[in-house]
Amino acid sequence: MSTFDVTVIGSGPGGYVAAIRCAQLGLKTAIIEKYNTLGGTCLNVGCIPSKALLDSSHHYHDAINHFEKHGIEASNVKVNFKQMIDRKAEVVSQTCSGIDFLMDKNKITVFKGFGSFKDATHINIDAENNSETIESKYTIIATGSKPSTLPFIKLDKKRVITSTEALSLTEIPKHMVVIGGGVIGLELGQVYKRLGSEVSVIEYMPKIIPTMDGMLSKELQKSLKKQGIKFYTGHKVSSVANNGNEVVITADDKKGNPVEFKGDYCLVSVGRRPYTDKLGLENIGIKVNERGQVETNDHLQTNISNIYAIGDVVKGAMLAHKAEEEGTMVAEIIAGQKPHIDYNLIPGVVYTWPEVASVGKTEEQLKESGVNYKAGSFPMRALGRARASMDIDGQIKVLADAETDEILGVHMIGARAADMIAEAVIAMEFRASSEDVARSSHAHPTYTEAIKEACLAVAGRAIHS
Ligand code: FAD
Ligand code: NAD
């Protein structure tokens, strides 16, 4: 029987990063993945393919909407949807192969098969043609998540689909009805809107991206509405029926009146659920909470002391970079180190255009907890760089403690916000004040000047607005 110091079940960004860090720390490491390719949701059917389609559709959108203004004449611009999907598949395949390379480089043993606990130190691996059992001193559960649905919706995966199918369609929908105005609904909704679909987003809460700062919800809805996406916030979906080539969705509006939507595709994007099916948690008594998440303490250790859990399968934001941080942390804990994650500083990003990015406390959270704060905002349209590229939608808002001036939250919407949020994360990691950032030189002309200006605005002294 093969024996390991650490075995990781699941090869998503949580699992493969944990495995690499374990190997770097000198631990004999194995990783088990039930699919043929490594990389989990993120690389195969999540972050990477969605960004590939967002980028391709963005190029098309620019070509038909903005090229002329830039003085570029491009006639007969058309979408070759099959090629777009093929390119996405190529990007996924290259990225997944990169993980094979990293496993090899770090001398990590890869098992392709379904892992399940026999007992606390033995794991069964069931592959197509053979089964084996390995022994492991420590195990890290990194089995991720699956799309969730509503009790009355049958996901037929042809017309009533999840993000997984939406990333590999064979035709551009005529009318895509999206249930859920969260990250997936908006990112994939924008892809198909740009490609010519009519897109209607039905959201149960009064605003889209409801957990983010209210300014972001408002500004993003305004921008996406301008691009032609229709929004039905405060609508509660009550039924979804697949009538062959047509899907009929009914929802109750804010006043309780029924509204009917007809489309050729319905994308259900109402969140994801932790995935622990057939993992054999009951064989060893690992506790799972009412939301299906594996319960852990602050060290991500389960109630069985040699077993840890990370990523989407435990509490917290379902984000690849959160899973990665947790993978690193657990590997270091197993190796006897004392790492720490500040969950308040895990940024959240929506890769629509304009992009949305956020870190720290929202204005609503500060109000609710009675924190005395100052706010400074700067509109993108006042920025030379934004005007040069014609990406003038959006703004940056900085929230700082009224007495100490420490930055408590940064919320941005605009071009390149996804990359710019790193500046705010680093500033907050070092507990910077808004004045610290305001007094740091930012290259001109760049989008990051808007961060400096928003920090200056906290003290009422923005230069360009
Ligand atoms: P996963 O990536 O889900 O990986 C778990 C792996 O475990 C899977 O490969 C699964 O097959 C395997 N597994 C499960 N059970 C077993 C078993 N018993 N035996 C063997 N293998 C098993 N996050 C971001 O931060 N940025 C984004 O831009 C982003 N975009 C997204 C877009 C979409 C469409 C979706 C669906 C998600 C997106 N996410 C994004 C979320 C991100 O993909 C997840 O947060 C991340 O993948 C979680 O990583 P994980 O390692 O916990 O689990
Ligand atoms: P989400 O939680 O972001 O959004 C779900 C939305 O559906 C919410 O706005 C919610 O209010 C709404 N909703 C719930 N029940 C509803 C109902 N009955 N009717 C109408 N609306 C309803 O979930 P998601 O968009 O499915 O994404 C799943 C996870 O994947 C998220 O946790 C997210 O973190 C992750 N993800 C991240 C990124 C990124 O980082 N850019 C991209 C895609 C997915």
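The values are calculated or read from the model by the stated rules, or taken from the named source; none is laboratory data. In this text, all values refer to a predicted model and were calculated from it rather than measured experimentally. Note that each Cβ is placed from the backbone with ideal geometry, even for glycine, and that neighbours are counted across all protein chains shown. All accessible areas refer to the heavy atoms of the entire protein, side chains included, with ligands and DNA or RNA removed. Shrake-Rupley method; radii C 1.70, N 1.55, O 1.52, S 1.80 Å.
So what does the Cα-only Debye profile of the chain read at q = 0.06, 0.12, 0.14 Å⁻¹, as log10 I(q)/I(0), no solvent term?
The Debye formula, applied to the Cα set alone, gives -0.29, -1.16, -1.40.
Once you place label points 7 Å from the Cα toward the Cβ at Asp277 and Lys51, how far apart are they in nm?
2.8
I need the peptides 66-77, 93-104 ranked by packing, meaning the mean over residues of other C-beta atoms within 10 angstrom, with the highest value on top.
Those peptides, ordered most packed to least, come out 93-104, 66-77.
Over the alpha carbons of the stretch 146-293, what is the largest minus smallest coordinate on each principal axis, giving the biggest first in Å?
53, 39, 30
Near Ala127, within a Cβ-to-Cβ distance under 11 Å, what is the net charge of the other residues, with Lys and Arg +1 and Asp and Glu -1?
Surrounding charge for Ala127 is -2.
On average, how much accessible surface per residue is there in the chain, in Å², for a 1.4 Å probe, leaving out ligands, DNA and RNA?
I get 47 Å² per residue for the chain.
Given charges of +1 on the Cβ of Lys and Arg and -1 on the Cβ of Asp and Glu, with all other atoms neutral, how large is the dipole of the chain about its Cα centre, in debye to the nearest 20?
That gives a dipole near 940 debye.
Based solely on C-alpha atoms, express the radius of gyration and the Dmax of the stretch 387-433 in angstrom.
Reported Rg and Dmax, both Å: 12.3, 38.
Classify the stretch 339-394 as rounded, prolate or oblate, taking a ≥ b ≥ c as the square roots of the eigenvalues of its Cα gyration tensor: rounded when a/c is under 1.5, otherwise prolate if a/b is larger than b/c and oblate if not.
Working: a/c = 2.86, a/b = 1.62, b/c = 1.77.
Oblate, because a/c is 1.5 or more while a/b does not exceed b/c.
With point charges of +1 on the Cβ of Lys and Arg and -1 on the Cβ of Asp and Glu, referenced to the Cα centre of the stretch 216-272, which listed residue (Thr233, Gly263, Ser217) lies farthest in the positive direction of the dipole?
Of the options given, the answer is Ser217.
Let's see if you can work this out: charge +1 on each Lys and Arg Cβ, -1 on each Asp and Glu Cβ, no other charges. What is the dipole magnitude of the stretch 374-443 about its Cα centre, in debye to the nearest 20?
Working: 8 positive and 11 negative charges, 81 e Å.
Rounded to the nearest 20 debye, it is 380 debye.
Is any helix in the chain, taking whole DSSP H runs, at least 20 angstrom long along its axis by alpha carbon and on average at least -0.5 on the Kyte-Doolittle scale, and which ones?
Both cut-offs are met by 47-65, 81-105, 320-334.
Please list, by residue number, every one of the trypsin sites (Lys or Arg not before Pro) in the stretch 385-465 that is coil in DSSP and has at most 14 other beta-carbon atoms within 10 Å. Display every interim value, and only then the final one.
Values: sites: Arg385, Arg387, Lys397, Arg416, Arg431, Arg439, Lys452, Arg461; in loops: Arg416, Arg431, Arg439, Arg461.
Hits after loop and neighbour filter: Arg431, Arg439, Arg461.
Counting other Cβ atoms within 10 Å, keep those with at most 11, restrict to DSSP loop, and tell me which GluC sites (Glu not before Pro) in the stretch 119-185 are left.
Numbers: sites: Glu128, Glu132, Glu135, Glu165, Glu171; in loops: Glu128, Glu171.
Passing sites in the stretch 119-185 are Glu128, Glu171.
Net charge near Asn303: determine it from the other residues with C-beta under 10 Å of the C-beta of Asn303, scoring Lys and Arg +1 and Asp and Glu -1.
Result for the neighbourhood of Asn303: 0.
May I ask you to give the percent of accessible area on the chain that is carbon plus sulfur, with a probe radius of 1.4 Å?
So the carbon and sulfur contribution to the accessible surface is 49 percent.
Please report the spacing between the Cα centers of the stretch 349-371 and the stretch 142-196 in Å, no decimals.
That distance is 25 Å.
Within straight cross-link reach of Lys287, meaning Cα distance under 18 Å, which lysines are found once same-chain residues fewer than 8 apart are removed?
Partners within reach: Lys118, Lys278, Lys315.
Hey, if you put +1 on the Cβ of every Lys and Arg and -1 on every Asp and Glu Cβ in the stretch 1-116, which of Phe4, Tyr35, Ser75 ends up farthest toward the positive end of that dipole?
After comparing all options, I get Phe4.
Filter the GluC sites (Glu not before Pro) in the stretch 353-433 down to the DSSP loop ones having no more than 15 other Cβ atoms within 10 Å, then list what survives.
For GluC sites (Glu not before Pro) across the stretch 353-433 that sit outside H, G, I, E and B with at most 15 neighbouring Cβ atoms in 10 Å, the list reads Glu403.
Can you give me the relative contact order of the chain as a percent, contacts being Cα pairs under 8 Å and 6 or more apart?
The value is 14 percent.
Among Val45, Gly144, Met428, whose Cα projects farthest towards the positive end of the dipole of the chain, with charges put on the beta-carbon of Lys, Arg (+1) and Asp, Glu (-1)?
Projecting each Cα onto the dipole axis, the largest value belongs to Val45.
Given the rule -39500 (n - 2.57) for each run of at least 4 DSSP H residues, summed and divided by the residues of the chain, what is its mean residue ellipticity at 222 nm, to the nearest 500 deg cm²/dmol?
Counting only the DSSP helices, I get -10000 deg cm²/dmol.
In whole Å, largest first, what are the principal axis extents of the Cα atoms in the stretch 76-224?
Here the spans come out as 55, 40, 31 Å, largest first.
Starting from the Cα gyration tensor of the stretch 360-465, take the square roots of the eigenvalues, sort them a ≥ b ≥ c, and report rounded, prolate or oblate (rounded when a/c is under 1.5, otherwise prolate if a/b is larger than b/c, else oblate).
Here the stretch 360-465 falls in the prolate category.
Nearest 20 debye, what's the magnitude of the dipole of the stretch 352-415 about its Cα centre given +1 on Lys and Arg Cβ and -1 on Asp and Glu Cβ?
320
What list of ³J(HN,Hα) couplings, whole Hz, do you get for the stretch 159-172 from phi and the Karplus terms 6.51, -1.76, 1.60, once you set θ to phi - 60° and write x for glycine and proline?
Result, rounded to whole Hz: 10, 9, 10, 10, 4, 4, 6, 4, 7, 9, 5, 9, 8, 7.
Would you mind checking the pairs Lys34/Lys154; Lys397/Lys452; Lys157/Lys262; Lys28/Lys137 and listing those with alpha carbons more than 19 angstrom apart?
Working: Lys34/Lys154 25 Å; Lys397/Lys452 11 Å; Lys157/Lys262 17 Å; Lys28/Lys137 10 Å.
From Lys34/Lys154; Lys397/Lys452; Lys157/Lys262; Lys28/Lys137, over 19 Å: Lys34/Lys154.
Could you tell me which of rounded, prolate or oblate describes the stretch 139-226, using a ≥ b ≥ c as the square roots of the eigenvalues of the alpha-carbon gyration tensor, with rounded for a/c under 1.5 and, failing that, prolate when a/b is larger than b/c and oblate otherwise?
Because a/c hits 1.5 or more and a/b fails to exceed b/c, the stretch 139-226 counts as oblate.
Under the rule of at least 5 residues apart or a separate chain, name every residue whose amide H is placed under 5 Å from the amide H of Phe4.
Residues meeting the criterion, in which the H sits 1.01 Å from N, are Glu135, Ser136, Lys137.
Tell me, how many Å apart are the Cα centres for the stretch 270-305 and for the stretch 390-421?
The stretch 270-305 and the stretch 390-421 have Cα centres spaced 35 Å from each other.
Relative contact order, percent, of the stretch 357-411 when contacts are C-alpha pairs under 8 Å separated by at least 6 residues?
For the stretch 357-411, the relative contact order is 42 percent.
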